[in-house]
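Inspection log for the structure reproduced underneath, given as structure tokens.
The values are calculated or read from the model by the stated rules, or taken from the named source; none is laboratory data. In this text the structure is predicted, and so the values were computed from the model without any measurement. Because the Cβ atoms are built from the backbone with ideal geometry, glycine has one as well, and the counts that use them run over all protein chains shown.
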Amino acid sequence: MALKTERISARVSESVYETLNRAASLVGSTVNQFLVQSALERAQTVIEEENVIRLSGESAKKFFDAIEDPPPPNEKLLAAFIAHKEHL
């Protein structure tokens, strides 16, 4: 079964190309391989940063304390419950 591939192209200045070419040669790859690997690594980092919530120790403690012993609902939350029931 053939693997479907897509083409990505970009125009860059000569100095950018030379920098990319030098970096690619230092790691023993072509410019295309270097670009794809670099872009993939950056994309994975961006996705991870978007999907992971990082808390300080103090913030994590407050979060878990609130889950284990939540405060009573305030007026706005009670009003939202009533409005939701009315829409059902």
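For the range 23-31, indicate whether the set of residues that are among the polar types (S, T, N, Q), surrounded by fewer than 12 Cβ atoms within 10 Å (Cβ to Cβ), over 17 Å from the mean Cα position of the chain (by Cα) and under 30 Å from V12 (Cα atoms) is non-empty.
Within the range 23-31, one or more residues are among the polar types (S, T, N, Q), surrounded by fewer than 12 Cβ atoms within 10 Å (Cβ to Cβ), over 17 Å from the mean Cα position of the chain (by Cα) and under 30 Å from V12 (Cα atoms).
So which residues in the range 34-88 are within 30 Å of E18 (Cα to Cα) and not polar (S, T, N, Q), if there are any at all?
Matches in the range 34-88: F34, L35, V36, A39, L40, E41, R42, A43, V46, I47.
Checking the condition over 29 Å from the mean Cα position of the chain (by Cα), in a helix (DSSP H, G or I) and surrounded by 10 or more Cβ atoms within 10 Å (Cβ to Cβ), which residue from A66, A80 passes?
Matching residue, one of A66, A80: A80.
Return the residues of the range 1-31 that are at pLDDT 95 or above and among the polar types (S, T, N, Q); say none if nothing qualifies.
S13, S15, T19, N21, S25, S29, T30
Examine the range 48-55 for a residue that is over 12 Å from the mean Cα position of the chain (by Cα) and more than 29 Å from S15 (Cβ to Cβ), and state whether such a residue exists.
yes
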